[in-house]
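Below is one structure, written out as structure tokens; the observations come after it.
Where a number appears in this text, it was derived from the coordinates with a stated rule and is not lab data. As the structure is a prediction and not an experimental result, all values here were calculated from the model. Here the Cβ is made from the backbone with ideal geometry for all residues, glycine too, and neighbour counts use every protein chain on show.
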Amino acid sequence: METYGDLQDQITQDPRAIVVGRSALGRPITLLRVGDGKGMFLFGTIHAREWITAHVVLAAYHRYLAAWQGADGALPGADFLPIANPDGVALAMEGLTSVPAYLRPYLIRLNGGEDFRLWKANARGVDPNVNFDAGWGEGKGNLFAPAPASYVGRYPASERETQTLVELTLAQGYHGVLAYHCKGEVAYYGYVSPYGDLTLARHSERAAQRLCAKWGYTPTPSVGSHGGYKDWYATRYPQGICLTVEVGRDAYPHPYPVWDKERLIRLHGQDALWLREEIWTKSL
């Protein structure tokens with residue numbers, strides 16, 4: 001059975017691995033950089049139970065790296081971050097043994113038991129994908145106390161995991177981002193603030209339509225979503241491309257069945273190459 005350690009080893013043993021931050025429990029948040037990394041950003045597992053998306057990001061990385069090397073570095077740089085929420089992923093994959101003993105009673109109370117396979121939050125009970133400064137606390141289903149999912153945190157970007165993604169994005173200024181979740185076979189684009197301000201970049205809409213045609217997914221405007229990475233990105237880079245991509249079939253349970261991993265890898269292995277095409281050739 002695959003563990004968090006197995007996944008992490010695949011990342012850290014790569015010579016292109018760079019530690020860009022630390023989780024609440026001090027685990028490294030590690031990305032794989034191609035070139036200067038500044039063109040695109042693909043990341044997964046901001047929600048712990050969705051750890052299957054780490055494999056999607058790794059597949060896209062290996063495919064893009066091969067193309068970049070074949071082009072002698074002439075392609076744009078790209079950053080790939082397979083595990084954005086390492087403490088949560090470790091907890092979902094390995095259970096209570098992945099956290100210090102002092103923290104276990106607290107987490108058991110939050111979770112209502114010792115089975116953490118459906119856990120989405122980080123080790124502090126904060127959901128990183130509702131912790132960004134974009135309509136923070138205004139989302140449907142937001143919670144305001146620690147929980148396995150949907151707790152917004154004490155204030156925007158209160159969490160190390162969120163801070164890492166914000167700082168990395170601001171430093172790199174990505175032209176396009178794919179944020180992987182599962183499941184549902186949809187790609188969400190755009191953002192409408194709680195005050196009615198529309199940030200629905202035409203580039204994101206076009207990219208969603210074209211990429212969804214390749215995946216067999218449904219492009220979907222984002223309504224009622226607040227505090228997510230895509231929402232935050234849209235307010236800072238309205239002419240960029242940012243999609244929340246829900247990989248995998250909705251009929252399957254959480255955690256997503258590992259036996260469908262190879263199909264997802266085949267389906268999404270070219271995503272960085274396709275995203276590059278949308279950014280630099282089709283969305284002008």
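Quick look at the numbers
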read-out	value
Exposure proxy ranking, count of Cβ atoms within 10 Å, fewest first, for 140, 183	140, 183
Cα-centre dipole for the chain with unit charges at Cβ (Lys and Arg positive, Asp and Glu negative), debye to 20	200
Per residue convex hull volume, Cα atoms of segment 103-240, in Å³	112
Spherically averaged projected area of the chain from its Cα convex hull (nm²)	13.7
Per-peptide average of other Cβ atoms within 10 Å, ordering 245-253, 184-192 highest first	184-192, 245-253
Of 230/261; 38/230; 183/214, pairs whose Cα-Cα distance is over 21 Å	230/261
Per-peptide average of other Cβ atoms within 10 Å, ordering 87-99, 58-70 highest first	87-99, 58-70
Share of Cα-Cα pairs in segment 176-246 lying beyond 15 Å, as whole percent	44
Whole-number D in µm²/s for segment 75-151 (Stokes-Einstein; Kirkwood sum over Cα pairs; 4 °C, 1.567 mPa s)	96
Formal net charge of residues neighbouring residue 35 (Cβ-Cβ distance under 13 Å; K, R +1; D, E -1)	+1
